[in-house]
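Structure first, then comments.
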Amino acid sequence: MDMKPCRNSLVVKTSHVLPPDTNNHGTLFGGKLMAHIDDVAAIAAVRHARKPVVTASTDSVDFLEPVKEGDSICVEAFVTWAHHTSMEVFVKAVTENLLTGERKICATAFSTFVALDEEGKPTSVPQVYPVSDQEKQLHESAPERATQRKKRRGHSKEMAATFGTDYPWNGTH
């Protein structure tokens, strides 16, 4: 399987922030931004693997700047690292005041996707290689993030086993 450069998976999506997309403060719903992030990251993963993918995880999404009604939101994503069947995707969201041209990074995130074969089972993906200094920085630091994700996933499984599917108070407070 051939290696591919990070930039081959680049996806850019720009949307206008309209009133139905906003909360009572006139800013973009956080969940709406998270949906944009997942959508663009998934396209980048499919573009890299050329196979169907599923979201395995999204690292913390930090909302750095508000996105206001009337602004645009530009979400960019590309694969930074691949490991057997999974891919790490870096996502950057930029808000732009369309009247003044002022642009600000409003969020960044890392998502992990797993490629699937025809039976819906994990399947191998091409390795990725960085070209730019920024891509190199993200690529080199990816194994540490993968280790942290693995630890976090283990903790999530422990929490799931501890709490189970039943409501924990069984009708009492």
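The values are calculated or read from the model by the stated rules, or taken from the named source; none is laboratory data. What you see is a predicted model; the values in this text were computed from it and never measured. Note that we place each Cβ from the backbone using ideal geometry, even for glycine, and neighbour counts take in every protein chain shown.
Data overview
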{"item": "In region 83-109, the residues that are among the aliphatic types (A, V, I, L, M) and in a strand (DSSP E or B)", "result": "Met87, Val89, Val91, Ala93, Val94, Ile105, Ala107, Ala109"}
{"item": "Subset of region 1-60 (residues that are of a type in the set (Gly, Ala, Ser), surrounded by fewer than 14 Cβ atoms within 10 Å (Cβ to Cβ) and either in contact with a helix residue (DSSP H, G or I) (Cβ under 9 Å, 6 or more places away or on another chain) or touching a residue at least 40 places away in the same chain (Cβ under 8 Å) (or both))", "result": "Gly26, Ser60"}
{"item": "Filter result (assigned to a strand (DSSP E or B), β-branched (Val, Ile, Thr) and under 25 Å from Leu18 (Cβ atoms)) within region 31-82", "result": "Thr58, Ile73, Val75"}
{"item": "Thr100 modelled with pLDDT of 95 or more, under 28 Å from Arg47 (Cα atoms) and either among the polar types (S, T, N, Q) or in contact with a Lys or Arg (Cβ under 8 Å, 6 or more places away or on another chain) (or both)", "result": "no"}
{"item": "Options Phe163, Phe110: the member that is surrounded by 14 or more Cβ atoms within 10 Å (Cβ to Cβ) and either of a type in the set (Phe, Trp, Tyr) or within 16 Å of Thr55 (Cβ to Cβ) (or both)", "result": "Phe110"}
{"item": "Hits in region 75-94 - residues which are crowded, with 20+ Cβ neighbours inside 10 Å, of a type outside the set (A, V, I, L, M) and under 15 Å from Ser124 (Cβ atoms)", "result": "Trp81, Ser86"}
{"item": "Candidate set: region 1-21, residues that are β-branched (Val, Ile, Thr) and in contact with a Lys or Arg (Cβ under 8 Å, 6 or more places away or on another chain); chosen: the one farthest from Gly70 (Cα to Cα)", "result": "Val11"}
{"item": "Residue within region 103-114 that is in contact with a Gly (Cβ under 7 Å, 6 or more places away or on another chain) and of a type in the set (D, E, K, R) present", "result": "no"}
